[in-house]
Amino acid sequence: MRFDVWMSIENSVRNYILENYLFTDDQSELTNDVSLLERGIIDSTGIMELVLFIEEAFGIKIDDDEMVPENLDSVDNIISFIKGKNSN
Amino acid sequence: MAHLPPIIHRLLGDSLLISAQKNPSKVVVTTNDVAYTYQELLNYSAALANALQQRGLQRGGRVAIYMDNSWPALFSLYGVLLAGGVFVMINPQTKADKLAYILNDSDAHCLLTDIQLENNFYPVLDKLQQLRHVIYAGKEKEFLVSETLIEHFDKVLDKVSPDVFIKNRSVANDLAALIYTSGSTGSPKGVMHTHLSMLFALNSLIEYLRLSDEERILNVLPLSFDYGLYQLLMTVHLGATLILEKSFAFPALMFKRILEKKVTVFPGVPSLFAMLLSFHERSKQCFPSVTRITNTAAALPADFIPTLKEIFPNALIYKMYGLTECKRVSYLEPELVDIKPTSVGEAIPGTEVFLLSPEGKPVTSGDVGILYVRGPHVMLGYWKQKELSEHMLKDDVYPNQKILCTHDWFKMDNDGLLYFVGRSDDIIKTRGEKVSPIEVEHVIYGIEGVNEVAVIGVPDAIFGQFIKAFVSLKAKSSLDDKKIKKICVAKLENYMVPKEVIVMNSLPKTANGKIDKKQLS
């Protein structure tokens with residue numbers, strides 16, 4: 001994957017979370033490795049919205065058994081998950 | 001063989017002593033795919049109990065447990081009980097200011113927590129009058145020496161032995177827990193429950209849910225919520241097994257656990273069942289091992305039932321109603337779920353309920369009245385809140401005994417079954433949690449630039465209600481709905497954050513100039 005595409009995935013995931021869960025555009029409020037669940041950024045009702053956003057924004061279909069913390073619980077995990085889906 | 005004296009179930013912690021004696025090698029909990037036995041739970045709890053006593057915990061002293069659903073949270077709870085203390089569970093979503101309020105209000109002497117909550121607990125330590133000790137789980141870290149001693153669980157437990165028997169002189173009328181709940185005044189209040197009231201409630205729930213020691217109970221609800229807490233208490237009391245997850249945020253993980261662990265009891269709230277139904281629509285789910293599903297916190301929509309029966313083909317479905325002040329009020333026999341689809345059933349075993357008019361007169365069946373609850377499960381009152389306690393606890397027919405006035409409106413049919421009509425105060429119930437509009441309004445009023453605010457609950461099929469805030473701004477303020485939400489997220493638990501914030505020029509007023517919430521929707 002090209003570096004600029006990679007960066008744009010990162011940006012759009014970060015911006016989505018900052019805007020919809022933290023209600024800010026201050027980039028310093030979210031680090032890529034933090035657990036979204038443990039920090040209370042996303043809770044049980046928020047995860048479906050995140051899944052729908054990823055499906056729509058990146059044109060991928062997320063299976064039920066892919067909705068696990070390893071794929072979705074941090075910005076880093078989400079980026080590598082999207083990257084993996086795209087290369088399949 | 002040494003003679004073991006029989007242990008009698010008098011205190012909440014006795015459940016653990018008895019179950020561990022009966023079946024020490026049985027698994028009490030699996031969490032994060034790790035299994036722990038009853039003997040391990042007893043060893044860790046007893047060691048912690050010793051450590052707490054060494055740190056000055058006296059009989060009846062309060063210990064706050066501010067943690068995610070985790071193994072340390074479990075042995076913390078039983079550790080406090082074995083030491084003769086009173087546990088205070090605090091939702092891990094609680095932010096710094098409210099955490100400080102609860103720690104001060106309860107006069108907690110010790111805080112048991114997780115390092116990942118450091119951003120909330122560390123900054124408030126110097127504001128706490130009574131707190132002397134913090135013991136934390138998770139990654140070890142160096143802290144500056146201060147008046148409060150901050151130690152890691154591993155270091156604390158290494159130095160004590162679980163074998164030294166702890167003399168616990170508590171009696172059943174002593175407090176076992178303070179359970180904090182939102183109040184109409186805006187500040188949370190601690191519901192006082194004794195060993196007696198909690199053990200009574202526990203046995204009543206076990207009876208009507210028809211549970212045995214073979215159950216594998218799934219708990220994805222926070223242990224700070226009494227519904228989640230009682231899943232643990234019931235498990236240990238029965239000698240059964242708990243499947244503990246942090247939340248239901250990752251449905252696939254939850255489904256995997258149900259299948260792998262052959263879960264038999266599935267406690268949920270309407271938002272959890274709604275999520276399950278939407279998954280079932282994407283791809284069919286079926287969990288034949290589950291024999292009981294339970295719902296409380298908000299009404300389970302009747303049209304969920306047919307699909308729930310598809311997902312859980314072998315399960316009895318229990319609709320229930322309760323409030324922290326007596327743990328649970330009523331349940332509907334599962335055989336009636338289709339016959340009485342809107343009822344929340346009858347009083348739980350060993351208790352009674354009745355309806356009175358606002359003047360205190362009996363109400364004929366079919367008419368609306370205020371629901372009263374009578375039984376040993378009723379709380380002692382609110383911690384240090386005499387007036388509020390008197391508002392909820394009324395005189396019984398026998399002297400010096402109290403009954404609980406729920407202040408909720410109900411109807412009762414000819415079969416004695418209850419139907420919820422509405423609340424008589426303006427507390428919002430969303431996602432199963434009680435939210436005081438005043439508490440949310442306080443936070444929004446604290447924002448620079450806000451002139452007026454009114455917070456209301458708007459009816460919602462899944463959440464029960466969702467929170468909506470109406471705000472007017474001071475001249476030249478550049479605030480908008482997003483900035484207001486941002487501050488709410490930083491100060492309030494997630495479920496308290498308004499879903500919608502509407503900025504208006506001014507808020508509607510009554511003739512007396514008070515904000516008229518009736519005109520807002």
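The table for this structure:
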{"read-out": "Breaking point among (1) modelled with pLDDT under 85; (2) of a type in the set (D, E, K, R); (3) surrounded by 12 or more Cβ atoms within 10 Å (Cβ to Cβ), for A:D4", "value": "(3)"}
{"read-out": "Leading residue by the ranking (farthest from the other protein chains (Cβ to nearest Cβ)) among those in the range B:248-257 that are within 20 Å of B:D68 (Cβ to Cβ) and in contact (Cβ under 8 Å) with a residue 12 or more places away in the chain", "value": "B:R257"}
{"read-out": "Filter result for the condition that a residue is open to solvent by 30 Å² or more (accessible area, probe 1.4 Å), under 29 Å from B:I102 (Cα atoms) and in contact with a helix residue (DSSP H, G or I) (Cβ under 7 Å, 6 or more places away or on another chain), over B:P376, B:P341", "value": "B:P376"}
{"read-out": "Filtered residue count, the range A:67-83, keeping only those that are surrounded by 19 or more Cβ atoms within 10 Å (Cβ to Cβ) and small (G, A, S)", "value": "1"}
{"read-out": "Members of the range B:70-90 found to be within 17 Å of the chain's Cα centre (by Cα) and surrounded by fewer than 23 Cβ atoms within 10 Å (Cβ to Cβ), listed by number", "value": "B:S70"}
{"read-out": "Unique residue being surrounded by fewer than 19 Cβ atoms within 10 Å (Cβ to Cβ), of a type in the set (A, V, I, L, M, F, W, C) and within 23 Å of B:I90 (Cα to Cα) when the list is B:A461, B:A490, B:A475, B:A511", "value": "B:A490"}
{"read-out": "Residue match in the range B:66-79 (condition: part of a helix (DSSP H, G or I) and under 24 Å from B:C488 (Cα atoms))", "value": "no"}
{"read-out": "Residues that are outside any helix (DSSP H, G or I), open to solvent by 10 Å² or more (accessible area, probe 1.4 Å) and farther than 17 Å from B:L223 by Cβ, drawn from the range B:103-138", "value": "B:D107, B:H109, B:L128, B:Q129, B:Q130, B:R132, B:H133"}
{"read-out": "Condition check for B:V160: out of contact with any strand residue (DSSP E or B) (no Cβ under 6 Å at 6 or more places or on another chain), farther than 29 Å from B:E493 by Cβ and surrounded by 15 or more Cβ atoms within 10 Å (Cβ to Cβ)", "value": "yes"}
{"read-out": "Total residues in the range B:472-499, condition within 13 Å of chain A (Cβ to nearest Cβ), free of Cβ contacts under 8 Å to residues at least 40 places away in the same chain and over 19 Å from A:D26 (Cβ atoms)", "value": "1"}
{"read-out": "3 or more residues closer than 22 Å to B:D425 by Cβ: qualifying strands (runs of 3 or more DSSP E) within the range B:450-518", "value": "B:450-460, B:464-473"}
{"read-out": "Filter pass, A:I17 being at the interface with chain B (Cβ under 7 Å from one of its Cβ atoms) and under 26 Å from B:V501 (Cβ atoms)", "value": "no"}
{"read-out": "Residue count, the range B:408-431 (criterion: crowded, with 17+ Cβ neighbours inside 10 Å and at positive phi)", "value": "1"}
{"read-out": "Pair list, Cβ under 6 Å, 6 or more apart: the range B:15-31 residue under 17 Å from B:A46 (Cβ atoms), other residue part of a helix (DSSP H, G or I) and open to solvent by 40 Å² or more (accessible area, probe 1.4 Å)", "value": "B:A20/B:Q39; B:P24/B:Q39"}
{"read-out": "Residue match in the range B:258-271 (condition: surrounded by 19 or more Cβ atoms within 10 Å (Cβ to Cβ), of a type in the set (A, V, I, L, M) and within 11 Å of chain A (Cβ to nearest Cβ))", "value": "yes"}
{"read-out": "Residues within the range B:448-458 that are under 29 Å from the mean Cα position of the chain (by Cα) and either crowded, with 18+ Cβ neighbours inside 10 Å or within 14 Å of another protein chain (Cβ to nearest Cβ) (or both), tallied", "value": "5"}
{"read-out": "Selected residue [assigned to a loop (DSSP other than H, G, I, E, B) and either free of Cβ contacts under 8 Å to residues at least 60 places away in the same chain or acidic (D, E) (or both)] from B:P349, B:P306, B:P313", "value": "B:P313"}
{"read-out": "Checklist (1) open to solvent by 10 Å² or more (accessible area, probe 1.4 Å); (2) of a type in the set (A, V, I, L, M, F, W, C); (3) within 19 Å of B:M254 (Cα to Cα) applied to B:F279, failing item", "value": "(1)"}
{"read-out": "Scan of the range A:36-52 for residues that are more than 9 Å from chain B (Cβ to nearest Cβ) and either outside any helix (DSSP H, G or I) or buried (at least 16 other Cβ atoms within 10 Å of the Cβ) (or both), ordered by number", "value": "A:L50, A:V51"}
{"read-out": "Pick from the range B:80-92, criterion part of a loop (DSSP other than H, G, I, E, B) and not polar (S, T, N, Q), ranking: nearest to the other protein chains (Cβ to nearest Cβ)", "value": "B:P92"}
{"read-out": "Single condition A:D33 does not satisfy, out of (1) more than 8 Å from every other protein chain (Cβ to nearest Cβ); (2) over 25 Å from B:M67 (Cβ atoms); (3) open to solvent by 20 Å² or more (accessible area, probe 1.4 Å)", "value": "(2)"}
{"read-out": "Number of the condition not met by B:S506 [criteria: (1) surrounded by fewer than 17 Cβ atoms within 10 Å (Cβ to Cβ); (2) within 14 Å of chain A (Cβ to nearest Cβ); (3) of a type outside the set (D, E, K, R)]", "value": "(2)"}
{"read-out": "Residue within the range B:214-223 that is under 30 Å from B:A454 (Cβ atoms) and more than 14 Å from chain A (Cβ to nearest Cβ) present", "value": "no"}
{"read-out": "Failed item in (1) in a helix (DSSP H, G or I); (2) surrounded by fewer than 20 Cβ atoms within 10 Å (Cβ to Cβ), with B:A35 passing the rest", "value": "(1)"}
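Yes/no matrix, rows are residues, columns are (1) open to solvent by 60 Å² or more (accessible area, probe 1.4 Å); (2) at pLDDT 90 or above; (3) within 13 Å of B:G322 (Cα to Cα); (4) among the basic types (K, R):
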residue: B:L356; (1), (2), (3), (4): no, yes, no, no
residue: B:E387; (1), (2), (3), (4): yes, yes, no, no
residue: B:L393; (1), (2), (3), (4): no, yes, no, no
residue: B:K402; (1), (2), (3), (4): yes, yes, no, yes
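Matching residues to (1) part of a loop (DSSP other than H, G, I, E, B); (2) of a type in the set (K, R):
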| residue | (1), (2) |
| --- | --- |
| B:V145 | yes, no |
| B:D154 | no, no |
| B:L157 | no, no |
| B:S161 | yes, no |
| B:R169 | yes, yes |
| B:I179 | no, no |
| B:T185 | yes, no |
| B:G190 | no, no |
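The values are calculated or read from the model by the stated rules, or taken from the named source; none is laboratory data. On a predicted model such as this, the values are computed, not experimentally measured, just so you know. Backbone-built Cβ (ideal geometry, glycine too); neighbour counts: all protein chains shown. The protein model used for the area step is the full one, side chains on, heavy atoms only, and it has no ligands, DNA or RNA in it. Shrake-Rupley method; radii C 1.70, N 1.55, O 1.52, S 1.80 Å.
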